[in-house]
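Taking it in order: structure first as structure tokens, then the write-up.
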Amino acid sequence: MRTLLWFKQDLRLDDHPALQAALSAERLLPVFVFDPQQLQIGEFGSRRLGVHRARFLLESLTALDGALRQRGSHLLVLPGAAEQLIPRLVNQFNLQQVLTLEEIAPQERAQLARVRRQLAGVPLQQAPGNNLLQAEDLPCPVEQLPQVYSQFRNLVEERLQVFQPRPAPERLPPLPDGAAALLQALPTLSQLGLGEPLSVPSSAFPFSGGEAAAQARLRDYLWNSQGVRQYKETRNGMIGSEYSSKFSPWLANGSLSARRVAAELRRHEAQFGRNDSTHWLWLELLWRDFFRWTLLRHGSALFKAGGLKATEHAPQQLDQRFAQWCQGRTGMPLVDANMRELAATGFMSSRGRQVVASYLINDLQQDWRFGAAWFEEHLIDYDPASNWGNWAYLAGVGCDPRHKRTFNALRQAREYDPDAAYVSLWLPELRHLPPHLRHTPFLLAPAQLEALNYPRLERIPETWKPYLPHAA
Ligand SMILES: Cc1cc2nc3c(=O)[nH]c(=O)nc-3n(C[C@H](O)[C@H](O)[C@H](O)COP(=O)(O)OP(=O)(O)OC[C@H]3O[C@@H](n4cnc5c(N)ncnc54)[C@H](O)[C@@H]3O)c2cc1C
């Protein structure tokens, strides 16, 4: 068969079911479509793709092309809309089928449907996507899955299977004749109008995009440094690359397969023993799957103000406090430090994400969807299910039966940044304060605060009182 292999959020050769299905093709055209629409400002005032994610994507595409070339093929990257480009290529090279992976998000599913319509009879085959579990592995139809994570986990853990991902093939079928003429250099960030991100030495994610970098990190975290064996103790950290796995950016664009991570984790446990930490990493991977099934089941409802709840609890206002939050200038140091890390590097720890999201929703009373959209533009690990699912959950409009999860930001600062090392790293203007004041600069006299050029909090919440320095 003459086949087009359409890469989307699956920029790898390892454990790639559509690629496996393409191996017997007589001719194979691997394609990635880059849609410039992603660079436009959307409904919530943010782009879908910001500079850090774009850099990571370009690195991932370069790596994929390199891996394809080593196997006798190439990656054709074209700018435009898939529903126009894919059918055009099929006609131009007289291809007989299109292979790709399944999608779970509504916009991507709608696009697949448009491509299928435009293909006018040429089959579009979808192989299982980036979930750990496939629909047929579930003990019940998707609509009947429990809405609460712990129940979901209990149900699927009983059906635990051994994942046997297929490794990358050694050779690939050749391109169709004439296709090499279409190959072109990837655009640069400047050509995309995004500018070049600075490299920031204190980044918690000092890694590159692409499958080789993902595999290297997997090897390191599970086998060399074995950071996974302390994961439960370190996972609430915020500084450096080692407090958590950092798998998420590669998982998000599919340079790394979650099934490969699970298989390697089992192999690690078989050799070195299972402990609370290795088990905890597994539970986090199940969170990822839980949000994926939630998105598949509820579709576009997850992106609405009221989320999955019939009644809308979440605040819906938007004022200058949202811009201050984005810029890392709210006057709450832990929040500001995390937001500046995000803008400078495209990464933020799990602890940080929970604190800043809760602060935007509960303390600043802003519409959570704008926060989620800001994350979408800036996070290099942006993933629709995990991002919008976690935001909706924190806003009290997700699948959790409880109303909102509220974090006391000052208490979090005292607990997770006791020496103020994290805020000192990202807020240089506070570095020269005595450590006990770095989380509470709002206690300084107005003139002192002004001299630091750090914003003043509107008011100190009552719930923070127990966490103020005793001297205050
Ligand atoms: C408001 C908010 C937004 C988020 N947005 C995203 C997002 O866009 N993309 C994303 O991948 N994660 C998101 N997360 C989840 C989580 O913060 C990140 O997955 C994690 O911090 C990534 O770092 P890591 O790979 O080192 O994670 P680790 O702690 O090492 O965990 C291992 C893996 O488990 C999965 N995982 C861990 N925690 C979660 C979780 N709460 N929800 C879903 N999966 C999880 C991820 O795939 C992660 O790579 C968000 C969390 C919050 C609170």
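The values are calculated or read from the model by the stated rules, or taken from the named source; none is laboratory data. What you are looking at is a predicted structure, and each value in this text was computed from that prediction instead of being measured. Note that each Cβ is placed from the backbone with ideal geometry, even for glycine, and that neighbours are counted across all protein chains shown. The protein model used for the area step is the full one, side chains on, heavy atoms only, and it has no ligands, DNA or RNA in it. Shrake-Rupley method; radii C 1.70, N 1.55, O 1.52, S 1.80 Å.
Using the per-residue mean of other Cβ atoms lying within 10 Å as a proxy for protection, in what order, highest first, do the peptides 297-304, 377-384 fall?
Working: 297-304: 17.8, 377-384: 23.9.
So the peptides 297-304, 377-384, ranked by packing, come out 377-384, 297-304.
Counting 0.36 nm for each residue step from Q191 to Q92 and taking away their Cα separation leaves a gain of 32.9 nm. Of the residues S245, P174, S199, the one whose Cα sits farthest toward the positive end of the charge dipole of the stretch 154-247, with +1 on the Cβ of Lys and Arg and -1 on the Cβ of Asp and Glu, is S245.
With a/c under 1.5 counting as rounded, go ahead and sort the stretch 211-298 into rounded, prolate or oblate using the C-alpha gyration tensor (a ≥ b ≥ c being the square roots of the eigenvalues; past the cut-off, prolate if a/b is larger than b/c, else oblate).
Values: a/c = 1.44, a/b = 1.36, b/c = 1.06.
It is rounded, given that a/c, with a ≥ b ≥ c, falls under 1.5.
To the nearest ten degrees, helix 384-394 and the longest principal axis of the Cα atoms of the chain are 30 degrees apart. Taking 16 Å as the straight-line reach from the Cα of K246, the lysines in range (excluding those fewer than 8 positions away in the same chain) are K232.
Amide H contacts for L76 (H built 1.01 Å from N in the peptide plane; partners 5 or more residues away or on another chain; cut-off under 5 Å): V31, F32. Mind running the shape call on the stretch 136-206? Use the C-alpha gyration tensor, a ≥ b ≥ c as the square roots of the eigenvalues: rounded below 1.5 for a/c, prolate if a/b tops b/c, oblate otherwise. Verdict is oblate for the stretch 136-206.
Using the 1.4 Å probe convention, the accessible area of the stretch 211-298 works out to 35 Å² per residue with neighbouring protein chains retained. Phi angles across the stretch 51-63 convert, under the Karplus curve 6.51 cos²θ - 1.76 cosθ + 1.60 with θ = phi - 60°, into 3J(HN,Hα) values of 5, 6, 5, 5, 4, 4, 5, 4, 4, 5, 5, 4, 5 Hz, Gly and Pro given as x. Computed from Cα atoms, the angle from the helix 258-272 axis to the main principal axis of the chain rounds to 70 degrees.
Each residue of the stretch 227-236 was assigned a 3J(HN,Hα) from its phi angle through the Karplus curve 6.51 cos²θ - 1.76 cosθ + 1.60 (θ = phi - 60°); the sequence is x, 4, 6, 10, 3, 4, 7, 9, 4, 8 Hz, with glycine and proline shown as x. Apolar share of the accessible surface for the stretch 80-204: 47 percent from carbon plus sulfur atoms, 1.4 Å probe.
Can you give the calculated 222 nm mean residue ellipticity of the chain, where each DSSP H run of n ≥ 4 adds -39,500 (n - 2.57) and the sum is split over every residue, rounded to the nearest 500 deg cm²/dmol?
Working: 18 runs with 188 residues, N = 472.
My calculation for the chain gives -12000 deg cm²/dmol from helical runs alone.
The stretch between L468 and Q20, if pulled fully straight at 0.36 nm per residue, gains 155.4 nm over its current Cα-Cα span. Take the Cα of D137, go 7 Å toward its beta carbon, and the backbone nitrogen atoms of the stretch 158-193 under 16 Å from that spot belong to 158-167. Full extension of the chain between S202 and R71 yields a length gain of 43.5 nm, computed as 0.36 nm times the residue separation minus the alpha carbon distance.
For K309, the aspartates and glutamates whose Cα falls under 19 Å of its own Cα, not counting residues fewer than eight places away in the same chain, are E143, D367, D400. What separates the Cα centres of the stretch 206-227 and the stretch 375-421 is a distance of 26 Å. I'd like the distance between the alpha-carbon centres of the stretch 311-351 and the stretch 63-134, rounded to an integer number of Å. Using only Cα atoms, the two centres lie 36 Å from each other.
Which percent of the accessible heavy-atom area of the stretch 320-467 goes to carbon and sulfur, probe 1.4 angstrom?
Working: 2840 of 5460 Å².
Looking at the stretch 320-467 in its full context, I get 52 percent from C and S.
Average accessible surface for the stretch 389-472: 53 Å² per residue, computed with a 1.4 Å probe over protein heavy atoms with every protein chain in place. At what distance in nm do the modelled label points of Q316 and R456 sit from each other, each positioned 7 Å from its Cα along Cα→Cβ? In this crude label model, Q316 to R456 measures out at 3.4 nm. Note on the stretch 6-61: Rg/Rh from C-alpha atoms, Kirkwood Rh, equals 1.10. Convex hull volume of the Cα atoms of the stretch 2-129, normalised per residue: 106 Å³. Need one word for the stretch 88-222: rounded, prolate or oblate. Basis is the Cα gyration tensor (sqrt eigenvalues a ≥ b ≥ c); a/c below 1.5 gives rounded, then a/b vs b/c decides. Note, shape of the stretch 88-222 comes out oblate.
If every alpha-carbon in the chain counts as one equal scatterer, what log10 I(q)/I(0) does Debye give at q = 0.08, 0.11, 0.13 1/Å? Cα-only, vacuum Debye calculation for the chain: -0.50, -0.95, -1.29.
Find the accessible area per residue for the stretch 300-376; the probe is 1.4 Å, ligands and nucleic acids are left out, and the unit is Å². Before the final figure, lay out the partial values.
Numbers: 2330 Å² over 77 residues.
About 30 Å² of surface per residue is accessible.
Amide H contacts under 5 Å for A127: T100, L101, E102, restricted to partners 5 or more places along the chain or on a different chain, H placed in the peptide plane at 1.01 Å from N.
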